[in-house]
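The values are calculated or read from the model by the stated rules, or taken from the named source; none is laboratory data. It should be emphasised that the depicted structure is a prediction, and the values quoted were computed from it without experimental measurement. So basically every Cβ, Gly included, is an ideal-geometry build from the backbone, and we count neighbours across all protein chains shown. Calculation scope for accessible area: heavy atoms of the full protein, side chains included, ligands and nucleic acids excluded. Shrake-Rupley method; radii C 1.70, N 1.55, O 1.52, S 1.80 Å.
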Amino acid sequence: MIGQTISHYKIVEKLGGGGMGVVYKAWDNRLKRDVALKFLPPEMTRDEEFKTRFRHEAQAASALDHPNICNIHEIDETPQGRMFICMAHYKGETLKKKIARGHLSTDEVAHTIDQVARGLAEAHRHGIVHRDIKPANVMITDKGRVKIVDFGLATQSGTSRITRTGRTLGTLVYMSPEQARGDAIDERTDIFSLGVVWYEMLTGTIPFEGDHEAAVLYGIMHKNPEPLSTYRSDIPAGLQELMDKALHKEVDKRYQTMTELREDLHRLMGGPSGGRSLVRREWYRRVRSPLAIAAAVVILLALSPMLRNAVQELFTRAPDQKHIAVLPFENMGPVNEAFSAGLVETLTSKLTQLERFHESLWVIPASEVRHWQVASPSEARRLFAVNLVFTGSIQQLGDSYRLTLNLIEVGKKTPRQLSSAVIDEPLTNVSALQDNTVIKAAGLLNLELGPETQRLLTEGGTVMAAANDYYLQGLGYLQRYQKVDNLDHAVSLFERAIKEDSLYALAYAGLGEAYWRKYRYSMDTRWVEPAVRNGERAVELNDLLAPVHVTAGVIYKGTGNDERAVEAFQYALALDPSSAEAHRGLASAYENLQRLAEAESTYQKAIELKPGYWGGHDDLGIFYHSRGRYDDALVAMNRVVALAPDNSRGYNMLGAIYYAQERWQEAREMWEQAAQIEPDYRVYSNLGILHYIEGRYVAAAASTEKALALNNTSYVTWANLANAQYWRPGKRSEALATYRHAAEMAEENRAINPRDPELLASLAGYYVVLEEGPKALSMLQEAFKIAPSNWWVLYNYGFAYEQLGDRGKALEWIEKALDAGYPMKEVERDPFLVDLRTDARFEELATRRRG
């Protein structure tokens, strides 16, 4: 690019680059001056909606006129459509380089921080948050002036953000906790990031370090940095207090404005305080003490009953941001456990439907609460980062149900009950019990229920009391689908509900899902037909219910009918645009159809709906991993770990990404950490793969057998065992029998979903080893038509040709797999490819890729 002319700019030299673009020094031929051009990554500017939004936000940033802010001259794009920002060019160096040179005096640090804070205060006054404050984005000119750069990538507070591409703008080690969680941000995020820069300038190190991204994010979220005195002895008295406040993890306890931070800094360093009285400040600090506040409140409450009621409401009112989990109700007896579980499921589902009317509300799926066996509000906060939890109890008193509902705030250190409600309904009016529970819950949350909302909450019900009772019980059993007996009970109860009310659409949808779960549990194909039939019947009976379309979409997608799955999920979203479940299902169906751009944007939309819920980030991370976009996958999975640090899923997938990046020791650490959290068959299967590629076949077999002891229904795990057996002395015949078993299991899956490219590629690999080459190549051709860029398909093509003796084609396909993201290290270690690696053509290929 050096020497090229773009528009009226001639590129002179490269100044730097990173995940958010590359910066060049250029000569402006029109105005005869040096400028800096920042080119955004191509993948960020392919979408026209993004370009429009980016221009709007960059234009807002260009209006900033302040001596500590780098001027933005214009926004343009190349003929190829790549966008760039033209900024002022300054002679000098970045703060990053200055810090790297060594010790900075406390006065020099204070002077620099003050100038950065001044520039940011001006931006915040215009409603603009930078979001990526770091030493590389602070220039020190040769005249000593501090300039903040990259304001073209900032955002206006409260507006849509240009980061909806899966990238994380805030560089990891400088992120605020709320930014790492994906929560809404404001100017206090810049304050935290500036605190990190401040700490680094004083100590020469960053406050939150770790051996890998997950450890850094954990530190940002949960750990306090080492005191400044650990690194230097000349720290002024009181500076640590300022630093602690700038880096406080709770935004409400952090500095609220840059002006407030500057005033404290000036006072500490002996400069002007901006006019605010230090005496007044100290009085305010004394009044803020708990004893002073308590005394004032007691006096005020004694004086005024009206004020007492107002204060009580203030302290018990639900917060504006409502991130909720509904915990299992305590059964006080004599109430059917499945009935109680069904009530919890219904309450969770109905609250989720309210998300579309309240942007600040999102609800953790009941399936997640069950999976992690969450039993207390504190656990819910730890696992899901919620700030509100519903608990409750239900009992039968004579001919009535009594349900007690409690709203617990867990956003603080100690959970506290905000409010509660008691609902009494006759045993014969279960429908009223359901509806009133949701209405009471909404009231406790201070959510207004308009006519449309109330209609939505009662939609799809039945007037037949017995049908409703059976449906609730069936729903309760269905949610505990890990046991086949529970699924049999669910089928029976849904059928009884339908017998009572043959037009009950939700009961048909439940029956379809129960049959589908039975198939997924047993892989017995006879359950597929009734799953499809009942799912479609539900839609026929009431196509105005979003949940029935979601159920139909899940079944269609699972059977390989992705076009119909797309239609079902789109229909669900037309009825409920805020359904995260429908967005995630639609994204997965798009991915299966190789409509990858639509898949990515839909995964991101699901995250926008619930940014603090780890499941959406997990889906997006898996998508990036399967595309070979490992850096993007790491960002997504580190969000999972930050949001749910006690969830094994994030660590397991981080291990998979590190493995693909050939960072094997880090992969091992992640998988071992995941295994400590939860003994999951996928984790042990992955450890088995790592042992296998390291040539430790006994250990590989042992780990894989441990995985099979936990779950023996995965053909992939059986194939991993066969691989380990194949290379152990005396185990070859046993290995072939295991390959045959894996192939038979995979064929059963293929009968249900014949368009799964990774299944077809895996099955082809088994048939090659079983010396059924023509069948294997036929399957690979089919898989390649479905997913021509999938690295697993490409690798198995190369694997097959090598085993069939066609070295030239083997090398051709292996190289394609490597180009798509397949780990070179695995090719260099796979025992099946030992002869291929002795070929001079492979040596040339390997040398070319390393060089």
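Quick one: how many residues across the stretch 214-270 are at pLDDT 95 or above and among the small types (Gly, Ala, Ser)?
Residues in the stretch 214-270 being at pLDDT 95 or above and among the small types (Gly, Ala, Ser): 1 in total.
List the helices (runs of 4 or more DSSP H) that sit entirely inside the stretch 753-851 and contain at least 1 residues that are closer than 30 Å to Asp524 by Cα and open to solvent by 10 Å² or more (accessible area, probe 1.4 Å).
Passing ranges, in order: 757-769, 773-786, 791-803.
Could you check, for the stretch 310-320, whether at least one of its residues is of a type in the set (Val, Ile, Thr), surrounded by fewer than 19 Cβ atoms within 10 Å (Cβ to Cβ), under 13 Å from Leu445 (Cβ atoms) and modelled with pLDDT under 75?
Yes, there is a match, as at least one residue in the stretch 310-320 is of a type in the set (Val, Ile, Thr), surrounded by fewer than 19 Cβ atoms within 10 Å (Cβ to Cβ), under 13 Å from Leu445 (Cβ atoms) and modelled with pLDDT under 75.
Just a yes or no: is a residue in the stretch 481-490 assigned to a helix (DSSP H, G or I), closer than 19 Å to Phe569 by Cβ and open to solvent by 50 Å² or more (accessible area, probe 1.4 Å)?
Looking for residues that are assigned to a helix (DSSP H, G or I), closer than 19 Å to Phe569 by Cβ and open to solvent by 50 Å² or more (accessible area, probe 1.4 Å), one finds none in the stretch 481-490, hence no.
Just give me the residues in the stretch 7-34 being hydrophobic (A, V, I, L, M, F, W, C), modelled with pLDDT under 90 and part of a strand (DSSP E or B), in sequence order. If you could, list the steps in order and put the result at the bottom.
In the first step, residues of the stretch 7-34 are kept if they are hydrophobic (A, V, I, L, M, F, W, C); the result is 11-12, 15, 20, 22-23, 26-27, 31.
Still in the list and also modelled with pLDDT under 90: 15, 20, 22-23, 31.
Scanning the stretch 7-34 gives Leu15, Val22, Val23.
Here is a check on your reading of the model: is Ala709 small (Gly, Ala, Ser) and open to solvent by less than 70 Å² (accessible area, probe 1.4 Å)? Spell out the reasoning first.
Working: small (Gly, Ala, Ser): yes; open to solvent by less than 70 Å² (accessible area, probe 1.4 Å): no.
No: the conditions fail for Ala709.
Restricting the stretch 511-531 to residues that are touching a residue at least 40 places away in the same chain (Cβ under 8 Å) and buried (at least 24 other Cβ atoms within 10 Å of the Cβ), which is nearest to Met745 (Cα to Cα)?
So the residue we want is Trp516.
If you go through the stretch 86-104 one residue at a time, how many are without any contact (Cβ under 8 Å) to a residue 40 or more places away in the chain and among the hydroxyl-bearing types (Ser, Thr, Tyr)?
0
Lys825 is checked against (1) under 22 Å from Ala656 (Cβ atoms); (2) without any contact (Cβ under 8 Å) to a residue 12 or more places away in the chain and fails just one. What number does that condition carry?
All conditions are met except number (2).
Within the stretch 712-744, how many residues turn out to be open to solvent by 30 Å² or more (accessible area, probe 1.4 Å), of a type in the set (A, V, I, L, M, F, W, C) and not in a loop (DSSP other than H, G, I, E, B)?
4
Which residues, counting only those in the stretch 54-112, are modelled with pLDDT of 85 or more, of a type in the set (Gly, Ala, Ser) and in a helix (DSSP H, G or I)?
Ala100, Ala110
Matching residues to (1) in a helix (DSSP H, G or I); (2) farther than 30 Å from Gly182 by Cα; (3) among the charged types (D, E, K, R):
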| position | (1), (2), (3) |
| --- | --- |
| Val640 | yes, no, no |
| Met653 | yes, no, no |
| Ala656 | yes, no, no |
| Met670 | yes, no, no |
| Leu690 | yes, yes, no |
| Val698 | yes, yes, no |
| Ala701 | yes, yes, no |
| Lys706 | yes, yes, yes |
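Each row is one residue, and each column tells you yes or no for (1) farther than 23 Å from Trp791 by Cβ; (2) of a type in the set (Asp, Glu); (3) touching a residue at least 60 places away in the same chain (Cβ under 8 Å).
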{"position": "Pro577", "(1), (2), (3)": "yes, no, yes"}
{"position": "Leu586", "(1), (2), (3)": "yes, no, no"}
{"position": "Ala589", "(1), (2), (3)": "no, no, no"}
{"position": "Leu593", "(1), (2), (3)": "no, no, no"}
{"position": "Glu598", "(1), (2), (3)": "no, yes, no"}
{"position": "Gln604", "(1), (2), (3)": "no, no, yes"}
{"position": "Pro611", "(1), (2), (3)": "yes, no, yes"}
{"position": "Gly621", "(1), (2), (3)": "no, no, no"}
{"position": "His625", "(1), (2), (3)": "no, no, no"}
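How many residues, within the stretch 635-664, are in contact with a Leu (Cβ under 7 Å, 6 or more places away or on another chain) and of a type in the set (Asp, Glu)?
Selection size over the stretch 635-664: 1.
Just for the stretch 71-93: of the residues that are open to solvent by 50 Å² or more (accessible area, probe 1.4 Å) and of a type in the set (Asp, Glu), which one is nearest to Val138 (Cα to Cα)?
The selected residue is Glu74.
In the stretch 571-590, how many residues are in a helix (DSSP H, G or I), open to solvent by 20 Å² or more (accessible area, probe 1.4 Å) and modelled with pLDDT under 90?
We begin by selecting, within the stretch 571-590, every residue in a helix (DSSP H, G or I); these are 571-575, 580-590.
Applying the additional criterion that residues be open to solvent by 20 Å² or more (accessible area, probe 1.4 Å) yields 571, 573-575, 581, 584, 588.
Okay, now just the ones that are also modelled with pLDDT under 90, so 571, 573-575, 581, 584.
Number of matching residues: 6.
Within the set of pairs 6 or more residues apart or between chains, which connect a residue that is without any contact (Cβ under 8 Å) to a residue 40 or more places away in the chain inside the stretch 839-851 to a residue that is open to solvent by less than 90 Å² (accessible area, probe 1.4 Å) and in a helix (DSSP H, G or I) with Cβ atoms less than 7 Å apart?
Asp839/Arg807; Arg841/Leu811; Phe842/Leu811; Phe842/Leu836; Leu845/Leu811; Leu845/Glu815; Arg849/Leu818; Arg849/Met824
Residue-by-condition table, conditions (1) more than 23 Å from Val641 (Cβ to Cβ); (2) within 15 Å of the chain's Cα centre (by Cα); (3) open to solvent by less than 10 Å² (accessible area, probe 1.4 Å); (4) among the hydroxyl-bearing types (Ser, Thr, Tyr):
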| position | (1), (2), (3), (4) |
| --- | --- |
| Arg181 | no, yes, no, no |
| Ala184 | no, yes, no, no |
| Ser193 | no, no, yes, yes |
| Gly204 | yes, no, no, no |
| Gly210 | no, no, no, no |
| Ala215 | no, no, no, no |
| Pro225 | no, no, no, no |
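Which of the residues spanning the stretch 605-632 are surrounded by 21 or more Cβ atoms within 10 Å (Cβ to Cβ) and of a type in the set (Lys, Arg)?
Lys610
Within the set of pairs 6+ apart or on separate chains, which have a first residue in the stretch 252-265 that is within 11 Å of Phe192 (Cβ to Cβ), a second that is at pLDDT below 90 and not hydroxyl-bearing (Ser, Thr, Tyr), and C-beta atoms under 8 Å apart?
Filtered contacts from the stretch 252-265: Tyr255/Asp264.
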